[in-house]
Each structure stands twice: as C-alpha cells, then as structure tokens.
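First the structure, in the form of structure tokens, and then the observations on it.
The values are calculated or read from the model by the stated rules, or taken from the named source; none is laboratory data. It should be emphasised that the depicted structure is a prediction, and the values quoted were computed from it without experimental measurement. Ideal geometry is used to build each Cβ from the backbone, glycine not excepted, and the neighbour counts take in all protein chains shown. Keep in mind that these areas ignore ligands, DNA and RNA; they rest on the heavy atoms of the full protein, side chains included. Shrake-Rupley method; radii C 1.70, N 1.55, O 1.52, S 1.80 Å.
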Amino acid sequence: MKGRKVLQLIFEVPLEQAPMVHDAFGEPSPDGSTWVGIAKIDLTARPEERKPLKLSNRAALLCKETKFAEFIEAEFDATKNYDPVLFVKSFCGVSSRSELDTDDGAADSFRKLEADYNHWLRAA
C-alpha cells in the first residue's frame, strides 16, 4: 500500500504444523493483528555453544500448549480442563517445576512425559 511505511514479513510452515501454529498465534483476523517475536538463529554456532533450555523452562512452555492438555486428557483419563501445571508436578513428584532442574528422578520423569507427548503428537 503506497504511503505505508512498514516492512511486511511472511513466513511459511509445513501444513502438518498448521494446527500448532494456529494454537500458538490464534485465528488470523482482517480487523486485528497479532504481535509475535522473531529471533535470528545462529546456525554457525557449534551445538555446544547453544544453551539448552532448563527442564523447568521446557515444562513451563509445555504446560501452555493446548495439545498438551488434550494429551493429558486422552492418555491419563484426566477430566477436561485439568491444570497441566498440577499434572506435571504430580507426575514428576515435585512441588515446583524448578525442582526438575535439581532432582534427577523428577528430571527423568519429565523427560519421559515429554517424550510420550511428542510421540503422541506424531501419531495424531
């Protein structure tokens, strides 16, 4: 549009990931906008230079995913709207997700839960 001083960026995702993108960003709307962040990834950095997320951070992100709540309901016979945060804490035997970073047993439980969830996603 002439006179608009904006840069438009368009990104594409594989169709099989469309539901995940929709869950993350919501429904496109012609009368509104959704602000998101874009980060440049340094592909030249060696893997050992990249900092992995702490398990507590991974758990926090996982608990926000809509599909994770569906996984809990389907695989663990939980009631609808069961709190994913409470589920992770109970499953891993911790009172705080931060314990996932210091308790080896809890960390192993979380890694298994995360792996089972990723397997469930791929199978869906």
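Residue check: is Glu12 out of contact with any helix residue (DSSP H, G or I) (no Cβ under 6 Å at 6 or more places or on another chain) and surrounded by 12 or more Cβ atoms within 10 Å (Cβ to Cβ)?
On the way: out of contact with any helix residue (DSSP H, G or I) (no Cβ under 6 Å at 6 or more places or on another chain): yes; surrounded by 12 or more Cβ atoms within 10 Å (Cβ to Cβ): no.
So Glu12 does not fit the description; no.
Can you confirm whether Asp77 is on the phi > 0 side of the Ramachandran plot and free of Cβ contacts under 8 Å to residues at least 60 places away in the same chain?
Considered against the rule, which asks whether it is on the phi > 0 side of the Ramachandran plot and free of Cβ contacts under 8 Å to residues at least 60 places away in the same chain, Asp77 comes out as yes.
Where residues in segment 75-110 are under 18 Å from the mean Cα position of the chain (by Cα) and small (Gly, Ala, Ser), which of them is nearest to Trp120 (Cα to Cα)?
Filtering segment 75-110 for residues that are under 18 Å from the mean Cα position of the chain (by Cα) and small (Gly, Ala, Ser), the one nearest to Trp120 (Cα to Cα) comes out as Ser109.
When the residues of segment 112-124 are narrowed to those that are open to solvent by 70 Å² or more (accessible area, probe 1.4 Å), assigned to a helix (DSSP H, G or I) and not basic (Lys, Arg), which ends up modelled with the highest pLDDT? Walk me through how you get there before you give the answer.
Narrowing segment 112-124 to residues open to solvent by 70 Å² or more (accessible area, probe 1.4 Å): 112, 119, 122-124.
Going one step further and asking which of them are assigned to a helix (DSSP H, G or I), we end up with 112, 119, 122-123.
When the remaining residues are screened for being not basic (Lys, Arg), the result is 119, 123.
On the way: His119: 92, Ala123: 85.
Step by step, filter segment 112-124, then rank; the result is His119.
Is it true that some residue in segment 55-68 is at pLDDT 95 or above, touching a helix residue (DSSP H, G or I) at 6+ places or on another chain (Cβ under 6 Å) and aromatic (Phe, Trp, Tyr)?
Looking through segment 55-68, none of the residues is at pLDDT 95 or above, touching a helix residue (DSSP H, G or I) at 6+ places or on another chain (Cβ under 6 Å) and aromatic (Phe, Trp, Tyr).
Only one residue in Ala74, Ala59 is under 24 Å from Arg111 (Cβ atoms) and surrounded by 13 or more Cβ atoms within 10 Å (Cβ to Cβ). Which one? Spell out how you get there, then give the answer.
Values: Ala74 fails: surrounded by 13 or more Cβ atoms within 10 Å (Cβ to Cβ).
Exactly one of Ala74, Ala59 is under 24 Å from Arg111 (Cβ atoms) and surrounded by 13 or more Cβ atoms within 10 Å (Cβ to Cβ), namely Ala59.
Regarding Ser109, is this residue surrounded by 14 or more Cβ atoms within 10 Å (Cβ to Cβ) and over 30 Å from Pro14 (Cβ atoms)?
Yes; evaluated as a whole, the condition is true for this residue.
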